[in-house]
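Visitor: Dropping the structure in here first, questions after.
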């Protein structure tokens with residue numbers, strides 16, 4: 001899409017790169033944030049008044065309804081500019097990072113978007129915002145004859161001052177829907193006031209922020225009620241699991257005066273990421289909330305999402321809104337704003353029964369074969385005993401877990417041995433494939449699972465022949481399946497350099513003693529092979545030279561145990 005051309009051309013800023021931030025110059029962050037938003041969001045434009053005045057507004061706005069304006073310091077994105085659009089804000093005015101916008105900036109926004117039906121300013125409860133927005137409203141009335149009303153959001157229950165934080169977004173959405181529905185300025189203000197009186201928020205953080213320099217909260221602590229500009233919170237407490245953090249936040253919110261009233265229609269909850277929490281953890285946190293004792297009262301949920309952030313603060317907040325039928329209707333009304341997650345009724349459908357027949361061990365009857373059982377025992381015990389040796393070897397060329405991975409899988413096979421159909425070669429290999437695929441970590445587990453499943457396929461083709469007749473061929477076929485899937489072959493410094501020679505020895509009729517000899521020699525040969533597969537491929541030559549490949553060594557240990 002094209003960038004809406006401002007009235008005057010925007011001078012280009014050539015700036016030095018800032019380390020560890022995807023920015024150009026720190027002095028240009030806010031302007032470039034606004035421009036990036038405009039480039040990627042339909043129906044947005046801005047005033048050509050950089051750098052002093054930064055106003056983003058709806059380019060499709062016809063001044064035919066009540067305009068809504070909000071704003072404040074930058075650093076809380078997508079708040080405020082990200083919520084400009086049909087059904088929410090008409091314009092947003094931004095100051096520098098964590099600094100209130102100027103009076104002239106707010107006044108410019110008012111004049112740009114206000115029509116005959118007037119304008120409502122939604123102001124967060126910070127001294128600079130209150131003063132600048134209020135004075136701008138007065139000037140708009142006296143200098144331009146515009147109808148302007150104001151409301152102040154103060155949802156933070158952590159401090160006596162009751163700062164305006166993420167709960168402000170409920171005001172943006174609900175007042176925006178009321179304005180979109182054609183309500184008068186007085187009605188929109190009354191709606192916004194009703195939301196403010198019914199909203200409370202509280203957050204917990206592991207880190208604070210000071211401009212562009214994050215500060216970790218010391219030790220194993222977290223801060224309850226830390227401000228979105230890094231202002232002190234209510235208290236510092238010990239770290240706790242997500243479920244306990246939910247309880248801490250919800251109890252803090254419910255203790256407040258705003259939640260003292262009855263809530264016959266339930267609550268809406270906004271689950272907010274303060275900027276630095278991974279989506280994975282936000283989902284864990286949301287799940288903990290939905291499993292808490294408060295869940296039955298939560299009629300609607302917004303998020304989890306980064307909505308009102310504090311740069312990359314590692315924290316979360318919850319905002320609770322006491323619903324009425326009217327507020328719910330406006331909260332769920334459609335909006336064009338992409339940054340706003342749809343308010344939905346939380347639900348957890350009963351899980352569907354798992355697909356049957358995937359596990360080869362389902363319905364398998366155990367059967368005995370003493371020779372096969374002894375073979376498995378010897379191999380597994382040898383790998384368990386070699387755990388430390390293999391880990392130390394892997395530490396030189398990989399991530400030091402080869403022994404642990406092999407030992408874990410071997411332990412599981414031993415535990416399951418009495419449930420295996422040992423008298424049925426094909427079924428045994430299929431079961432071993434399943435066990436290793438589930439319990440043996442990393443790519444080794446997948447590859448070994450493929451090998452045993454390949455062996456099962458080969459044994460099926462052999463028409464039920466015994467281990468002694470079809471085992472060697474099946475072993476080689478399984479290794480071929482492994483090579484086809486993984487892309488490695490012999491000579492690449494992997495376990496194949498021991499396994500393939502061992503399989504060939506068995507095919508040549510040299511028995512287990514010959515297989516051991518071949519496996520040991522193959523493993524030894526990996527000392528001087530250039531790694532072309534696996535983790536060793538990324539290790540400097542000085543680290544792998546003269547070191548046996550751990551996977552090949554594990555194969556040599558296994559065959560040595562049964563020779």
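Visitor: Where does region 226-342 land on Rg/Rh, using Cα atoms and the Kirkwood Rh?
Guide: Details: Rg = 14.5 Å, Rh = 15.2 Å.
With Rh from the inverse mean 1/r over Cα pairs, Rg/Rh is 0.95.
Visitor: Here is a further query. Any idea what diffusion coefficient region 1-153 gets from Stokes-Einstein, in µm²/s, Kirkwood Rh on alpha carbon pairs, 4 °C, 1.567 mPa s? Present the calculation step by step, with values, prior to reporting the outcome.
Guide: On the way: Rh = 15.6 Å.
Answer, rounded: 83 µm²/s.
Visitor: Next up: Find how many whole Å separate the alpha carbon centroid of region 244-282 from the alpha carbon centroid of region 371-449.
Guide: Distance between centres, Cα-based: 47 Å.
Visitor: Can you give the helix-only mean residue ellipticity at 222 nm for the chain, where every DSSP H stretch with n ≥ 4 adds -39500 (n - 2.57) and the sum goes over all residues, rounded to the nearest 500 deg cm²/dmol? List each step's numbers first, then the result.
Guide: Values: 18 runs with 240 residues, N = 563.
Theoretical 222 nm ellipticity from helices: -13500 deg cm²/dmol.
Visitor: Just need the relative contact order of region 370-562 here, percent rounded to a whole number, with Cα pairs under 8 Å and 6+ apart.
Guide: 22 percent
Visitor: Further question: Please identify which residues in region 33-53 have an amide N closer than 14 Å to a label point set 7 Å out from the Cα of residue 60, following the Cα→Cβ vector.
Guide: So the set is 41-45.
Visitor: Could you sort the peptides 273-283, 104-114, 367-377 by per-residue average Cβ neighbour count (10 Å cutoff), highest mean leading? Let's see the in-between values first.
Guide: Values: 273-283: 17.4, 104-114: 23.0, 367-377: 14.4.
Result, highest mean first: 104-114, 273-283, 367-377.
Visitor: Helix 279-290: angle to the longest alpha-carbon principal axis of the chain, degrees 0 to 90, nearest 10?
Guide: 70 degrees
Visitor: Between residue 507 and residue 144, 0.36 nm times their residue separation minus their Cα-Cα distance comes to what?
Guide: On the way: separation 363, 0.36 × 363 = 130.68 nm, distance 9.55 nm.
Contour length minus Cα-Cα distance gives 121.1 nm.
Visitor: Next up: Using a simple spin-label model with points 7 Å from Cα along the Cα→Cβ vector, what separation in nm is obtained for residue 25 and residue 366?
Guide: 7.6 nm
Visitor: Here's another thing I want to ask about it. Which value in nm describes the separation of the simple spin-label points at residue 296 and residue 329, placed 7 Å from the Cα toward the beta carbon?
Guide: 2.9 nm
Visitor: For the chain, what is the relative contact order in percent, using Cα pairs closer than 8 Å and at least 6 residues apart in sequence? Present the calculation step by step, with values, prior to reporting the outcome.
Guide: On the way: 1148 pairs, mean separation 51.8, N = 563.
Over the chain, the number comes to 9 percent.
Visitor: Something else now. Could you work out how far the C-alpha centroid of region 352-368 sits from that of region 288-317, in angstrom?
Guide: Cα centroid of region 352-368 versus Cα centroid of region 288-317: 40 Å apart.
Visitor: For the chain, what mean projected area does the convex hull of the alpha carbons give, in nm²?
Guide: Numbers: hull surface 131.1 nm².
Taking the Cα atoms of the chain, their convex hull projects to 32.8 nm² on average.
Visitor: What spacing in nm lies between the two simple spin-label points modelled at residue 190 and residue 356, each 7 Å away from Cα in the Cβ direction?
Guide: Distance between the two pseudo-spin positions: 6.2 nm.
Visitor: What value in Å³ per residue do you get for the convex hull of the alpha-carbon atoms in region 380-510?
Guide: Numbers: hull volume 14.2 nm³, N = 131.
That works out to 108 Å³ per residue.
Visitor: Neighbouring Cβ atoms within 10 Å as the yardstick, rank 135, 289 fewest first. Don't skip to the end; give the middle numbers.
Guide: Working: 135 13, 289 25.
Ranked by crowding around the Cβ, least crowded first: 135, 289.
Visitor: Sticking with this one: Taking the mean number of other Cβ atoms within 10 Å as a proxy for protection, how do you rank 338-345, 493-500, 189-196 from highest to lowest? List each step's numbers first, then the result.
Guide: Numbers: 338-345: 15.4, 493-500: 28.2, 189-196: 21.9.
Sorting 338-345, 493-500, 189-196 by mean packing, highest first, produces 493-500, 189-196, 338-345.
Visitor: Quick check on the chain: of the DSSP beta bridges with both residues there, what percent are antiparallel, nearest 5%? Show your work: numbers first, answer last.
Guide: Numbers: 32 of 56 bridges.
Expressed as a percentage, antiparallel bridges in the chain total about 55.
Visitor: Rounded, prolate or oblate: which one fits region 351-391, using the alpha carbon gyration tensor with axes a ≥ b ≥ c (rounded when a/c is under 1.5, else prolate when a/b beats b/c, else oblate)?
Guide: Working: a/c = 5.97, a/b = 1.59, b/c = 3.77.
Note, shape of region 351-391 comes out oblate.
Visitor: Continuing with this model, one more query. Ranked highest first by the average count of other Cβ atoms within 10 Å around their residues, in what order do 355-362, 123-130, 315-322 fall? Don't skip to the answer; put the middle values down first.
Guide: On the way: 355-362: 11.8, 123-130: 20.4, 315-322: 28.2.
Highest mean packing first, the order is 315-322, 123-130, 355-362.
Visitor: Compute the Rg/Rh shape ratio of region 436-563: radius of gyration over Kirkwood radius, all on alpha-carbon atoms. Intermediate results must be reported in sequence, preceding the final value.
Guide: Details: Rg = 14.6 Å, Rh = 14.9 Å.
My calculation puts Rg/Rh at 0.98.
Visitor: Next up: Helix 425-439: angle to the longest alpha-carbon principal axis of the chain, degrees 0 to 90, nearest 10?
Guide: 40 degrees
Where a number appears in this text, it was derived from the coordinates with a stated rule and is not lab data. Nothing here was measured: the structure is a model prediction, and the numbers come from that model. Reconstructed Cβ throughout: ideal geometry from the backbone, glycine too, with neighbour counts over all protein chains shown.
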